[in-house]
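> First, the structure itself, so that you have it in front of you.
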Amino acid sequence: RWGDWLRTDVIAGISVAALLIPESLAYAGIAGVPPEVGLYAAPLALIGYVIFGRSGLLVVAASSSVAAVSAAVVGDIATDEEAFVAYTAALAVVSGLVYLAAGLLRLGWIANFLSKAVLEGFIVGLSISIMIGQLDELLGIELEGENAIAELLDVLSQIGDWDGLTVAVGALSLIILFGLERFAPKIPGALTAVVLAIVAVSVFDLAEEGLLIVGEIPTGLPEFGIPDVDWSELSALLVGSLAIVLIGFSEAYAAATDIAKKTGDRIDADQELIAYGVSNVGAGLSAGMVVAGSLSKSKANEESGAKSQLSNVVNALIVLLTLVFLAALFENLPLATLAAVVIHALWKSSDPRKLAPFWQMNRFDFWLGVTTLVAVLLFDTLPAVVIGVVLSLAVLIYRISFP
């Protein structure tokens with residue numbers, strides 16, 4: 001329905017790009033790669049889902065949850081920054097192939113076996129863990145610690161070393177983000193905070209005062225092709241990709257089905273697996289990082305009035321224009337503002353009260369969710385995923401054995 005939908009889809013595409021660009025830069029930091037890698041992943045990931053996906057409004061791009069898993073997997077393989085970037089792209093390709101294989105084998109039914117309480121506990125725990133991991137850039141310190149709780153204790157022990165300028169910029173960014181969300185929700189908070197921060201750095205020369213900024217972002221399109229890595233590490237990439245597929249599919253499928261309640265889209269799990277596979281392969285071949293369906297950006301797409309996936313075509317075009325012409329505009333972006341964008345994006349999903357309904361429905365499920373949440377904070381992401389899956393299967397077997 002071009003006549004009715006073209007204008008609204010174009011406006012929605014521009015609005016979502018205003019959120020996607022700064023978040024992609026921030027999530028690249030979570031994955032441990034340069035900011036532009038998050039942008040490299042977006043165009044082909046978006047177009048891949050436009051062609052193969054079933055949801056009319058789902059946005060597939062860099063995601064904080066799979067970015068954290070990517071950092072954990074690649075960190076055990078890569079030896080330097082160049083290798084880290086290459087293996088991150090390789091992990092996206094391998095994850096995409098696993099998605100495709102699962103979709104072609106019609107394994108979408110597996111999603112039914114993951115306990116909702118365990119998944120909720122994992123998302124809450126991972127959100128809290130990522131937010132704690134952003135405190136170094138928000139406060140201008142260096143973090144040490146083997147897990148999220150140890151990092152938080154390290155933050156508190158360094159309270160006297162917090163950088164005043166960095167804290168001020170980060171706090172103002174958070175005030176803008178939460179303030180606009182509360183009092184002017186139609187104004188894109190992430191874009192507003194980013195633009196104001198860049199202007200402040202440029203006008204007052206804050207980088208010379210010691211404020212850390214993104215720095216030089218290469219202008220131009222990424223190199224397209226198979227990542228140049230040692231494929232003898234394929235087994236490690238394959239194991240990591242299983243965790244990424246589990247988390248990414250659960251997050252994306254939950255987002256797609258949630259949106260479908262309003263749009264009436266008929267979501268097919270097997271077709272979604274294929275769509276996420278194409279998106280991840282495209283992201284990896286364009287030197288990007290792993291991607292997943294984003295509930296926050298998809299909701300922003302819906303609230304902006306989008307009617308079809310044409311909004312994501314517009315979104316992809318804007319990201320390409322940014323890479324070719326506008327990347328330099330983001331070089332003065334403070335890292336504290338990027339950290340604030342990530343924290344704001346994860347704030348709602350980090351609320352432990354999301355587990356409260358399980359207390360009323362089934363207290364055993366509630367404690368499973370709490371256990372998974374604690375596992376994420378005490379251990380690395382991958383062990384927490386394994387614990388969650390084992391607990392889900394154990395509960396399933398128990399309930400079948402004692403109906």
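The values are calculated or read from the model by the stated rules, or taken from the named source; none is laboratory data. Just so you know, these numbers come straight off a predicted model, no measurement behind them. As a convention, Cβ positions derive from the backbone with ideal geometry for all residues, glycine included, and neighbour counts pool all protein chains shown. For the accessible areas, the whole protein counts, side chains as well, though only heavy atoms, and no ligand, DNA or RNA atoms are used. Shrake-Rupley method; radii C 1.70, N 1.55, O 1.52, S 1.80 Å.
> Taking the conditions exactly as written (touching a strand residue (DSSP E or B) at 6+ places or on another chain (Cβ under 8 Å), touching a residue at least 40 places away in the same chain (Cβ under 8 Å) and either crowded, with 24+ Cβ neighbours inside 10 Å or acidic (Asp, Glu) (or both)), does residue 92 satisfy them or not?
So residue 92 passes the test.
> Collect the residues in region 199-232 that are open to solvent by 30 Å² or more (accessible area, probe 1.4 Å), β-branched (Val, Ile, Thr) and either free of Cβ contacts under 8 Å to residues at least 12 places away in the same chain or not in a loop (DSSP other than H, G, I, E, B) (or both), keeping them in residue-number order.
199, 203, 213
> Let me ask something else about it. Quick one: how many residues across region 366-376 are open to solvent by 30 Å² or more (accessible area, probe 1.4 Å) and not hydroxyl-bearing (Ser, Thr, Tyr)?
4
> Still on this structure, I have one more. Give the residues of region 239-248 that are in contact with a Ser or Thr (Cβ under 9 Å, 6 or more places away or on another chain) and open to solvent by 30 Å² or more (accessible area, probe 1.4 Å), sorted by residue number.
Result: 242, single match.
> Further, regarding this structure: Give me the residue from region 181-197 that is open to solvent by 30 Å² or more (accessible area, probe 1.4 Å) and assigned to a helix (DSSP H, G or I) and, out of that set, nearest to residue 299 (Cα to Cα).
Ranking the qualifying residues of region 181-197, first place goes to 181.
> Take the residues of region 349-361 that are polar (S, T, N, Q) and modelled with pLDDT of 85 or more: which is surrounded by the fewest Cβ atoms within 10 Å (Cβ to Cβ)?
360
> Kindly indicate whether any position in region 340-348 is under 16 Å from residue 61 (Cβ atoms), at pLDDT 80 or above and open to solvent by less than 70 Å² (accessible area, probe 1.4 Å).
Scanning region 340-348 turns up at least one residue that is under 16 Å from residue 61 (Cβ atoms), at pLDDT 80 or above and open to solvent by less than 70 Å² (accessible area, probe 1.4 Å).
> Could you tell me which residue of region 178-226 is modelled with the lowest pLDDT, considering only residues that are small (Gly, Ala, Ser) and at positive phi?
215
> Sticking with this structure for a sec: Regarding region 19-27, can at least one residue be identified that is surrounded by fewer than 24 Cβ atoms within 10 Å (Cβ to Cβ) and not aliphatic (A, V, I, L, M)?
No, region 19-27 contains no residue that is surrounded by fewer than 24 Cβ atoms within 10 Å (Cβ to Cβ) and not aliphatic (A, V, I, L, M).
> I would also like to ask the following. For region 302-315, indicate whether the set of residues that are among the small types (Gly, Ala, Ser) and within 28 Å of residue 201 (Cα to Cα) is non-empty.
There is no residue in region 302-315 that is among the small types (Gly, Ala, Ser) and within 28 Å of residue 201 (Cα to Cα).
> Could you tell me whether region 258-266 includes any residue that is farther than 13 Å from residue 61 by Cα, surrounded by fewer than 23 Cβ atoms within 10 Å (Cβ to Cβ) and among the hydroxyl-bearing types (Ser, Thr, Tyr)?
yes
> For the subset of region 12-69 comprising residues that are at pLDDT below 90 and hydroxyl-bearing (Ser, Thr, Tyr), which member is farthest from residue 248 (Cα to Cα)?
The qualifying residue farthest from residue 248 (Cα to Cα) is 15.
> Then there's this: Does at least one position in region 61-71 carry a residue that is of a type outside the set (Phe, Trp, Tyr), assigned to a helix (DSSP H, G or I) and either free of Cβ contacts under 8 Å to residues at least 60 places away in the same chain or surrounded by fewer than 20 Cβ atoms within 10 Å (Cβ to Cβ) (or both)?
Scanning region 61-71 turns up at least one residue that is of a type outside the set (Phe, Trp, Tyr), assigned to a helix (DSSP H, G or I) and either free of Cβ contacts under 8 Å to residues at least 60 places away in the same chain or surrounded by fewer than 20 Cβ atoms within 10 Å (Cβ to Cβ) (or both).
> On to the next question. Being more than 27 Å from residue 195 (Cα to Cα), more than 21 Å from the chain's Cα centre (by Cα) and small (Gly, Ala, Ser) narrows it down to one of 279, 308, 241, so name that one.
None of the others qualify; the one that does is 308.
> In addition: Which one of these is of a type in the set (Phe, Trp, Tyr) and either free of Cβ contacts under 8 Å to residues at least 60 places away in the same chain or within 14 Å of residue 287 (Cα to Cα) (or both): 49, 40?
Result: 40 is the single residue among 49, 40 that is of a type in the set (Phe, Trp, Tyr) and either free of Cβ contacts under 8 Å to residues at least 60 places away in the same chain or within 14 Å of residue 287 (Cα to Cα) (or both).
> Only one of these conditions is not met by residue 289: (1) surrounded by fewer than 24 Cβ atoms within 10 Å (Cβ to Cβ); (2) over 18 Å from residue 52 (Cα atoms); (3) at pLDDT 90 or above. Which number is it?
With respect to (1) surrounded by fewer than 24 Cβ atoms within 10 Å (Cβ to Cβ); (2) over 18 Å from residue 52 (Cα atoms); (3) at pLDDT 90 or above, residue 289 is out only on (1).
> Another one. May I ask you to list the residues in region 3-17 that are touching a residue at least 40 places away in the same chain (Cβ under 8 Å) and open to solvent by 10 Å² or more (accessible area, probe 1.4 Å)?
The answer is 4, 5, 6, 8, 10, 11, 14, 15.
> Of the residues that sit in region 72-86 and are among the acidic types (Asp, Glu) and assigned to a helix (DSSP H, G or I), which one is modelled with the highest pLDDT?
82
> Within region 37-60, track down each residue that is open to solvent by 10 Å² or more (accessible area, probe 1.4 Å) and over 22 Å from residue 330 (Cβ atoms).
Matches in region 37-60: 47, 50, 51, 52, 53, 54, 56.
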